[in-house]
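Novice: Next up is a structure, given as structure tokens.
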Amino acid sequence: MQQAAHAATLAPGGYAAAATLAAASSVNPTAAVADYRRGIQELMESNRQLAAVGSNLNQVAHYLNSGGQPATDLRRLLHRIDTALTGVDHAVAWLVRR
């Protein structure tokens with residue numbers, strides 16, 4: 001539960017409260033909690049993948065700082081990463097509001 005709470009940027013008590021509210025406001029509480037948990041797990045996986053992207057960005061920064069020239073599509077890549085991060089932020093906010 002602590003990992004799921006951390007992924008949702010909630011204290012464990014807040015995460016438990018959010019899951020409880022999701023269950024209480026649903027016709028099928030078991031499904032609501034399962035959906036909430038699945039959403040948290042998917043966000044945790046996306047967070048893991050974005051951490052790997054961050055590692056790659058550090059390598060790009062090192063290359064550029066040592067005099068390397070940026071690829072022509074670097075801005076497009078950075079925009080896609082920003083879009084992915086924004087999507088994760090929106091998904092977390094949506095789960096917290098549920």
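Novice: Given +1 on the Cβ of Lys and Arg, -1 on the Cβ of Asp and Glu, and no further charges, what dipole in debye does the chain carry about its Cα centre, rounded to the nearest 20?
Specialist: 60
Novice: Sticking with this structure for a sec: Set the Förster distance to 30 Å, then compute FRET efficiency between His6 and Gln69 from the Cβ-Cβ distance, nearest 0.05.
Specialist: E(calc), rounded to 0.05, equals 0.15.
Novice: What ³J(HN,Hα) values, in whole Hz, does the Karplus curve 6.51 cos²θ - 1.76 cosθ + 1.60 give for segment 36-46 when θ = phi - 60°, with x put for Gly and Pro?
Specialist: So the J values, rounded to whole Hz, are 4, 5, 4, x, 5, 4, 5, 5, 4, 5, 5.
Novice: Could you go through segment 59-76 in sequence order and give the Karplus-derived ³J(HN,Hα) for each residue, using 6.51 cos²θ - 1.76 cosθ + 1.60 with θ = phi - 60°, rounded to whole Hz, and x for Gly and Pro?
Specialist: Per-residue couplings from phi come out as 5, 5, 4, 4, 4, 5, 5, 8, x, x, 9, x, 5, 5, 9, 4, 4, 5 Hz.
Novice: Per Stokes-Einstein, at 37 °C and 0.692 mPa s, what whole-number D in µm² s⁻¹ belongs to segment 2-97, with the Kirkwood radius over Cα pairs as the hydrodynamic radius?
Specialist: Calculated translational D: 214 µm²/s.
Rule-based calculations on the coordinates, nothing more; no lab input. Just so it is clear, the model here is predicted, and its values are computed rather than measured. Every residue, glycine as well, gets a Cβ built from its backbone with ideal geometry; the counts of neighbours run over all protein chains shown.
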